[in-house]
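Colleague: One structure follows; several queries about it will come next.
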Amino acid sequence: MNQDTKPMIVTCGLPYANGMAHLGHMRTYVPADIYVRSQKKQGREVVFICGSDTHGTPVVVNAEKEGITPKELVTIYHKHFSDIFTRMGIRFDAYGTTDDEENHIRTTEIVQKLIDGGYVYSKNIDIAYCPRCDRFLPDRYVEGVCPHCGAIARGDECDQGCKKPLYPGELIDPRCAVCKNPAEYRSQEHRFFKLSEFDGFLKEYLETLNGTDNAVNYAKGWVAQGLEDWCITRNMDWGVKFPNADGLVVYVWVDAPIGYIAFTEEWAKDGNDSWEKFWKNNTDGTLNSQNSRIVHFIGGDIVYHHCIFWPAMLKGAGYALPTDVVASGMVKIEDKKFSKSRGYVVWVGEDYLDRGFHPDLLRFYLACYTSHTKELNFGWEMLQEKINSELVAVLGNLFYRSLLFAFKNFGAVPNGTARPEILEKIKQTTTEAVKAMEEYEFKKYSDTVMELASYANTYFQSHEPWALIKTDKEKCGEVVYNCLQLVKALTVLFEPVTPGKMQEAWTQLGLKGNAADTLYEEALVPLVPESKLGTPEILFTKLENDKIAEMDEIAKKRVHSAMKEAGLVPDEEKVLEDSKKEKGSKDKAPKCACAAGEKMDGENTNESALLPEITIDDFFKAQIKVGKILSAEIIEKSTKLYKIMVDVGEETPRQIVSGIRAYYEAEHLVGKTVCVIVNLKAAKLCGVQSQGMILAADDGSGSVSLLMPDQELKPGSDVC
Ligand SMILES: [Zn+2]
Ligand SMILES: [Zn+2]
């Protein structure tokens, strides 16, 4: 079956129904919506699916804290997300929840298929157990040290450090996330999915998978490292019950992606259509025989789940496979790493929509700030600059002056014909833009279309219709007709990015129906001369300085109060923060600003003015000496750490573990003169003894630099 005629499912990673929508969410959902609108404009059959992820421990932990049931908690956030998506112009064909009956049934069916297929086995494993709370501690109920990189991690994922998924029993020094007491490991029977058996399949499959390199290449790397079987049960009540296993539910990462199928079923039920044509359309089970396209838009942090676990489950249970995985880059706020607890966050409701900003402006910014896979920086002044210089000065200007001129002087679309070179330019732009869209290059799409708007402005300007109207009204009509044809084409082409505003333009052009329902080919269909125009109105107005200054002020205050109230950070993050602090005081692990998984602490140092005052005596408690690096070698167990030998003027060199591997090559470290805290209590990191800490600075955006004296000093010199 031709790619163009295959029915297509597009999904977005499910938002977790445990908090409010922020800009980081929109980075995935807005481009996915743009993509879907563009597919519809190409005449393809496409269904856009999403829903709230409702299971897992964070929901239960939060509900307990709020004194409500998990169901009540997720209902609140499900509604919130659903509202925000509607207001942002993101049009899902179905938006369910993973607690819907359809998902319970579909998950049970798939798990049973995997059991029947021999892909599931039982094994006794050590599960963290809190004697104080008298409960088993699945996933986020437990925290401890990552066995791979030494960062503080939660039970199911090294979220602050190496990002690897973690399995029950793997955390070192487990601790109860609720009461903070040390947990113990107790043996218990759990179910495992034989992921390792899918090794050969996944290697072959990933060669055929389309999407962005940041997804596909990472996944290939992980498979090359070897796959471990996957524990798919948890000791909880909240979730989808595991078949024939008392007290166990399936792990949330099993039933969450199955939601994509369940929500398609909900959509099919509503519209009397078939969900099987998307998910059961693998005619003989081979990779090339699939008669549907399945495109997943996800955040860059859940590639493992979508490119490895998910296709293996689908394959094992006999379902169609994802054909494309598109992963978005991260978001920074005002050049700082996105962090809710530190106040570097923009809430889509409270900060943006509720303050009267039009959703299309944010959609435009998200689409065209940078390439989809790169890091996107958001700042209010940057938003202002982008909107005023492009949407207002180029697109808005063209639309308003063309429509106003036509309306005032002709009262309708003037008599004229579309010039061949104009139609050719529109055709070229469309081809180029659609090609960019197929490559998930939303910025390129938007830039290409914006170029057509510049071309149209130049056309208007150089033909001087305001002069022609006085001398040759017929010729003037010809020019204005072509300007309006360009406006029409731009309306069609920009509709995926700024749908609300383009609908307004469509109405001003006097055209019937919805801009959203028109195909790209409509851009080339000539306007009907003498057809009535709507009343012209300004589409885009400048974002004014005082409005932006007001938003800047709100953003600054938020960061300030977050810093001041450090410790009063949101719940799940507070737990982590606290356990870090406790960990630090217990064994005084060397904490370089850039030590493994401690990047957020690095940001803290940037806000040093807000830390409590210390005396000079406090400062001198740290003994800092100049040292010369003699050697640096990789610590195999970790992805971030070096074992570094440093001469600090003592008889024997010091052995120091440092998390600067991402920033320096080992051979470039040798010979460098650095600053070392020499009286820090020794500690073990990833099993390697560390006797001190090498000082480095971290600007919070990923740049880390060693602190070095500006002239050569002998090892052992005091820093004071
Ligand atoms: Zn780790
Ligand atoms: Zn406890």
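The values are calculated or read from the model by the stated rules, or taken from the named source; none is laboratory data. This structure is a prediction, so every number in the text was calculated from the model and none was measured. For neighbour counting, all protein chains shown are included, and Cβ atoms are generated from backbone atoms with ideal geometry for every residue, glycine included.
Colleague: Here is a check on your reading of the model: is T417 surrounded by fewer than 17 Cβ atoms within 10 Å (Cβ to Cβ), without any contact (Cβ under 8 Å) to a residue 12 or more places away in the chain and within 28 Å of E478 (Cβ to Cβ)?
Modeller: No, not satisfied.
Colleague: Under the condition of being within 15 Å of ligand 1 (Cβ to nearest atom) and not β-branched (V, I, T), which residue from the stretch 129-148 is surrounded by the most Cβ atoms within 10 Å (Cβ to Cβ)?
Modeller: The qualifying residue surrounded by the most Cβ atoms within 10 Å (Cβ to Cβ) is C146.
Colleague: Quick one: in the stretch 11-38, which of the residues that are within 17 Å of E495 (Cβ to Cβ) and of a type in the set (V, I, T) is surrounded by the most Cβ atoms within 10 Å (Cβ to Cβ)?
Modeller: Among those residues, the one meeting the criterion is V30.
Colleague: Of all residues in the stretch 162-206, which are free of Cβ contacts under 8 Å to residues at least 60 places away in the same chain and away from ligand 1 (no atom under 15 Å from the Cβ)?
Modeller: G169, C176, C179, N181, P182, A183, E184, Y185, S196, D199, G200, K203
Colleague: I've got another one for you. Considering only the stretch 80-103, state which residues are charged (D, E, K, R) and under 19 Å from D33 (Cα atoms).
Modeller: D83, R87, R91, D93
Colleague: OK, next. Residue under question is D156, and the condition is that it be of a type in the set (D, E), within 16 Å of ligand 1 (Cβ to nearest atom), over 30 Å from A516 (Cα atoms) and touching a Leu at 6+ places or on another chain (Cβ under 8 Å); does it hold?
Modeller: So D156 fits the description; yes.
Residue-wise test of (1) within 29 Å of T57 (Cα to Cα); (2) surrounded by fewer than 21 Cβ atoms within 10 Å (Cβ to Cβ).
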{"residue": "K203", "(1), (2)": "no, yes"}
{"residue": "T208", "(1), (2)": "no, yes"}
{"residue": "D213", "(1), (2)": "no, yes"}
{"residue": "N217", "(1), (2)": "no, yes"}
{"residue": "D229", "(1), (2)": "yes, yes"}
{"residue": "N244", "(1), (2)": "yes, yes"}
{"residue": "V252", "(1), (2)": "yes, no"}
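Colleague: Scan the stretch 453-482 for residues that are under 10 Å from P414 (Cα atoms), exposed (fewer than 14 other Cβ atoms within 10 Å of the Cβ) and among the hydroxyl-bearing types (S, T, Y) and jot them down.
Modeller: none
Colleague: Where the second residue is assigned to a loop (DSSP other than H, G, I, E, B) and among the basic types (K, R) and the first is within 19 Å of D698 (Cα to Cα) and lies in the stretch 649-662, which pairs have Cβ atoms under 6 Å and are six or more apart or on separate chains?
Modeller: Final answer for the pair search is G659/K640; R661/K640.
Colleague: Okay, next question. If I ask for residues that are in a helix (DSSP H, G or I) and farther than 13 Å from R106 by Cβ, which ones from the stretch 268-277 would you list?
Modeller: D270, G271, K277 - these are the residues of the stretch 268-277 that are in a helix (DSSP H, G or I) and farther than 13 Å from R106 by Cβ.
Colleague: Exactly one condition in (1) farther than 24 Å from T507 by Cα; (2) at pLDDT 95 or above; (3) acidic (D, E) is false for D360; which is it?
Modeller: Of everything listed in (1) farther than 24 Å from T507 by Cα; (2) at pLDDT 95 or above; (3) acidic (D, E), D360 misses just condition (1).
Colleague: Shifting gears a bit: Quick test for you: out of I76, I90, I115, I125, pick the one residue that is more than 16 Å from ligand 1 (Cβ to nearest atom), on the phi < 0 side of the Ramachandran plot and either touching a His at 6+ places or on another chain (Cβ under 7 Å) or polar (S, T, N, Q) (or both).
Modeller: Sole residue among the options that is more than 16 Å from ligand 1 (Cβ to nearest atom), on the phi < 0 side of the Ramachandran plot and either touching a His at 6+ places or on another chain (Cβ under 7 Å) or polar (S, T, N, Q) (or both): I125.
Colleague: For the stretch 275-305, give me each residue that is closer than 25 Å to F338 by Cβ and at pLDDT below 95.
Modeller: The answer is G299, G300, D301, I302, V303, Y304, H305.
Colleague: Show the residue pairs that are 6+ apart or on different chains and have beta-carbon atoms under 6 Å apart, the first residue being within the stretch 119-145 and closer than 14 Å to V61 by Cβ, the second being within 16 Å of ligand 1 (Cβ to nearest atom) and of a type in the set (G, A, S).
Modeller: Partner pairs satisfying both residue conditions: D139/G155; V142/G155; E143/S579.
Colleague: Here is a follow-up. Mind listing whichever residues of the stretch 642-671 are modelled with pLDDT of 90 or more and among the charged types (D, E, K, R)?
Modeller: Matches in the stretch 642-671: K643, D647, R654.
Colleague: Let me ask something else. Of all residues in the stretch 166-220, count the ones that are over 27 Å from the mean Cα position of the chain (by Cα), within 16 Å of ligand 2 (Cβ to nearest atom) and at negative phi.
Modeller: 11
Colleague: Have a look at S341, S274 and point out the one that is free of Cβ contacts under 8 Å to residues at least 24 places away in the same chain and among the polar types (S, T, N, Q).
Modeller: Going through S341, S274 in turn, the sole match is S274.
Colleague: Can you tell me which of A94, A32, A17 is of a type in the set (A, V, I, L, M), over 30 Å from E521 (Cα atoms) and either at pLDDT below 95 or not assigned by TED's automatic domain parsing to the domain that holds F494 (or both)?
Modeller: From the options A94, A32, A17, the qualifying one is A17.
Colleague: Can you report the number of residues in the stretch 510-527 which are acidic (D, E) and at pLDDT below 95?
Modeller: 0
Colleague: Report the residue count in the stretch 224-255 for those that are under 17 Å from L314 (Cα atoms), outside any strand (DSSP E or B) and hydrophobic (A, V, I, L, M, F, W, C).
Modeller: Count: 5.
Colleague: Identify, from the list Y218, Y205, the residue that is out of contact with any Cys (no Cβ under 8 Å at 6 or more places or on another chain) and among the hydroxyl-bearing types (S, T, Y).
Modeller: Every option except Y205 fails the conditions.
Colleague: For the stretch 605-627, what are the residues that are aliphatic (A, V, I, L, M) and either part of a loop (DSSP other than H, G, I, E, B) or at pLDDT 70 or above (or both)?
Modeller: Listed by number, the residues that qualify are L611, I614, I616, A622, I624, V626.
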